[in-house]
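Data block below; observations after.
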Amino acid sequence: MQTKIQDDTLTIFLEGRIDSNNSNEIEHQIITALSTNPEASNVQIDAEKLSYISSAGLRVLLKARKHLKTPLPVLNVSSEVYDIFSVTGFTELLDVHRKMREVSVEGCDVLGEGANGKVYRLTRDEMIKVFKHNVPLSAIEAEREASRKAFLLGVPCAIAFDTVRCGESYGTIYEMFNAGTVSERITADPARLPELARSSALLLKQLHEIEIPEGQMPKASDFLHSIIDSLTGDFTPDEITMMHGLYNAIPEENHFVHNDYHAKNIMESNGELMLIDLGDAGAGNPAIDLIHCYMVYKTIADEMSRKTDVMNDKANAKAGNSDDERNAFFGITLRQMREFWTIFIDTYCDGDKERVRVLEEKLAPYADFMHKTLALFHPLMPKEYRKMYVDRLRADIFPRYDELVKYTW
């Protein structure tokens with residue numbers, strides 16, 4: 001048995017046969033590996049070289065699972081060994097995955113890049129999203145499953161065919177279609193911005209009318225609360241409770257929520273819009289998407305114009321930043337981001353100016369709160385800026401807590 005730890009993930013490699021003759025020794029080695037690597041937040045079994053496992057070996061894995069607070073993925077399982085897991089019912093007790101096919105993207109054109117990976121043109125009919133090596137398989141499978149469920153519910157999105165290995169990383173293969181992101185379309189033809197802002201708003205309204213059956217998708221708010229839970233090292237327990245309270249004040253609903261709706265996650269294909277990056281989508285209150293949109297198009301754009309944003313690339317952080325400079329992540333200029341929002345929210349509110357005014361008053365502080373917490377959660381957040389964002393939350397948001405939680409959404 002071999003082990004490897006990388007990016008907080010402990011991988012245990014099983015080889016050969018595990019049966020009653022060696023199961024006790026394997027159990028001892030696994031428990032030792034778990035106890036000597038407490039810093040590992042994720043644990044997975046790689047069974048690529050495992051040729052046979054008996055009931056005694058299966059019980060060893062079950063005991064290892066009980067030592068963990070997270071699921072125990074068993075990866076790269078051969079067809080023969082998978083049959084053993086399936087017949088014994090262990091595919092229901094453990095997160096068992098058949099051996100994936102290997103795919104190379106060498107020489108493939110890059111179609112786009114996001115926070116979690118790159119998208120390549122694989123064949124004429126297929127594209128592949130290759131995730132960064134620190135993205136766990138469980139998150140990749142969750143995104144694929146979310147896309148499948150969303151598609152069945154009528155959400156326009158790309159169909160995910162398969163999960164594969166790509167070097168040291170994983171990838172998801174999607175159908176290839178002649179499309180470009182909304183931000184790319186605006187960059188290519190700025191005159192189309194009003195049209196694309198309106199159609200993006202109409203699509204979101206359509207999505208928010210979709211009701212999710214109970215248990216069909218996770219709660220959209222779960223992702224937001226997980227961000228708060230990751231910040232326990234920056235805030236006191238009372239402050240963490242207060243931050244959870246801000247999101248708890250948004251009533252739970254069962255409408256479709258994308259949770260990352262912006263111009264780089266909306267594709268245009270043959271005149272129709274469709275979504276990508278549904279990993280955090282779920283059932284919830286449409287206010288969550290509107291807060292996120294306001295954060296992107298207003299909060300971040302305004303902050304960058306004031307030259308105080310620290311989460312963008314060096315080009316955006318340079319002194320002299322202007323509204324006509326392009327945002328490196330969202331792909332359009334700051335001026336275009338704000339113009340997009342004005343048209344977008346007016347369309348979403350059916351041209352009701354008073355409704356827009358009231359809604360923006362509610363969205364602004366929540367978007368500021370969301371921006372700061374997401375910035376603190378971001379893996380590229382420089383350590384020297386953490387205190388600044390923490391201090392801003394304490395100065396700008398916490399004093400308004402009683403006011404904010406009384407909002408009617």
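Let me know the longest stretch in the chain that avoids all trypsin sites (Lys or Arg not before Pro) found in a DSSP loop with at most 16 other C-beta atoms within 10 Å. Intermediate values should be presented prior to the final figure.
On the way: sites that count: K69, K99, R101, R124, K132, R306, K307, K318, K406.
So the longest stretch without any such site is 133-305.
With the dipole of the stretch 1-159 worked out from charges on the C-beta (+1 for Lys and Arg, -1 for Asp and Glu) around the Cα centre, which of A115, M1, L152 lies farthest toward the positive end?
L152
Which three extents, in angstrom, do the Cα atoms of the chain have along their principal axes, listed largest first?
Computed over the chain, the largest-to-smallest principal extents equal 75, 53, 45 Å.
Report, in debye and to the nearest 20, how large the dipole of the chain comes out about its Cα centre when Lys and Arg carry +1 and Asp and Glu carry -1 on their Cβ.
With only Lys, Arg, Asp and Glu charged at Cβ, the dipole is about 520 debye.
Return the subset of K99/K129; K99/K264; K118/K205; K118/K298; K298/K362; K49/K99 for which the Cα-Cα distance in this structure is over 21 Å, preserving the input order.
Result: K99/K264; K118/K205; K118/K298 exceed 21 Å.
When we measure straight from the Cα of K387, which aspartates and glutamates land under 13 angstrom away, once same-chain ones fewer than 8 places off are left out?
Reachable aspartates and glutamates: D234.
When the distances between all Cα atoms of the stretch 163-297 are binned every 10 Å from zero, what whole-number percent does each bin get?
So the P(r) values, bin by bin, are 11, 33, 32, 20, 4, 0.
Before anything else, pin down the relative contact order of the stretch 105-197: Cα pairs under 8 Å, at least 6 apart, normalised by residue count, whole percent.
23
What's the center-to-center distance, using Cα atoms, between the stretch 101-156 and the stretch 1-51 in Å?
The distance from the Cα centre of the stretch 101-156 to that of the stretch 1-51 comes to 28 Å.
Per residue of the stretch 353-364, in order, report the coupling 6.51 cos²θ - 1.76 cosθ + 1.60 (Karplus, θ = phi - 60°) as ³J(HN,Hα) in whole Hz, putting x for Gly and Pro.
5, 5, 5, 4, 4, 5, 5, 5, 4, 7, 5, 4
Run the helix sum for the chain: -39,500 (n - 2.57) per DSSP H stretch of 4+ residues, divided by residue count, reported at 222 nm to the nearest 500 deg cm²/dmol.
Dividing the helical sum by the residues of the chain leaves -12500 deg cm²/dmol.
At what distance in nm do the modelled label points of R148 and E15 sit from each other, each positioned 7 Å from its Cα along Cα→Cβ?
3.4
Read-outs: derived from the displayed coordinates by stated rules, not from any lab. In this text, all values refer to a predicted model and were calculated from it rather than measured experimentally. Every residue, glycine as well, gets a Cβ built from its backbone with ideal geometry; the counts of neighbours run over all protein chains shown.
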